[in-house]
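Here's the structure, in C-alpha cells; my notes come after.
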Amino acid sequence: MFEFLKEQIQVIKERDPAARTTLEIVLAYPGLHAILFHRVAHWLYKKSLVVIPRLISHLSRFLTGIEIHPGAQIGRRFFIDHGMGVVIGETTIIGDNVTLFQGVSLGGTGKEKGKRHPTIGNNVVIAAGAKVLGNITLGDNVKVGAGAVVLSSVPHDCTVVGVPGRIVVRDGKKVPPIDLEHADLPDPVAEMFDCFHRRLDRLENKLHDLEHQLEKEDVLKSL
C-alpha cells in the first residue's frame, strides 16, 4: 500500500501543475482519496462481499464527489483530476496511465446483464464532461474531447469529439503516451460551418459575376 501511495503521489505531481507538495496532495486531492477507497472496496468485493464494499464506495462518493463501483477494475497510475461528478460503473475495466477529468461517466446504456460498461486501454485521456457508455472499447492512446458522448468502440491512436462521438484523428499523428492538451482538439462542427461559409462565398461571387455579365449584355442591346 505504501508503494502504491507513493506511485499515485508521483503521478499527480507529473500530471497536475497545481500540485506543489506531497502533504497538499495527501490531504486535499479527492481523486487520490477516491482511488484509495476503491482499492479497499475492490479487494473486499473480490472476496464475494457485497454490502461492505458498497458502503465504502458510498462513503467515498460522499467525501469526494467521485463514484467508483467496487467491481470496477483499475490499472496502475490512474489519475482523476478535480473529479467532481466522475462515475465509473461496475464492469468497467481501465488500463494503465489513464487520466479522467471532472464530470466523466463510464457507464452503461440500459439494464443489460454481464459486461455493460466500457473497457479503457492504456494511456487514455478523457476530458471534462465526456460520457463513454456501453460495452465498448477505447484503444490505447485515445483522447476523448470535453463533452463528447462515445457510444461505439474506438481504435488505438485516435481522437474523438462531438455528440455522438466522431473520430477526427486516426494514426495520422500518433497521440503521445500522456498528452493532457485535450483542449486543443479539432472541432468538426466548426469545420462544417467554415465549409458552408466558403461555399456560400463562392456562390455569391458567381452570382455577382453573372449579374455583371447580364448588365453588360443589356447595355449592348440598348446600343
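The values are calculated or read from the model by the stated rules, or taken from the named source; none is laboratory data. Model, not experiment: these values are computed from the prediction. For neighbour counting, all protein chains shown are included, and Cβ atoms are generated from backbone atoms with ideal geometry for every residue, glycine included.
Observations on the structure shown:
- Taking (1) under 24 Å from the mean Cα position of the chain (by Cα); (2) farther than 24 Å from GLY147 by Cα; (3) not aliphatic (A, V, I, L, M) in turn, TYR45 satisfies each apart from (1).
Every residue, every condition in (1) over 21 Å from PHE101 (Cα atoms); (2) in contact with a strand residue (DSSP E or B) (Cβ under 9 Å, 6 or more places away or on another chain), yes or no:
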residue	(1), (2)
THR22	no, no
PRO30	no, yes
VAL40	yes, no
TYR45	yes, no
SER48	yes, no
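- For segment 104-116, taking the residues that are at pLDDT below 95 and touching a His at 6+ places or on another chain (Cβ under 9 Å), the one that is nearest to VAL144 (Cα to Cα) is identified as GLY107.
- Residues of segment 30-71 classified as surrounded by 15 or more Cβ atoms within 10 Å (Cβ to Cβ), aromatic (Phe, Trp, Tyr) and under 17 Å from PHE2 (Cα atoms), total: 1
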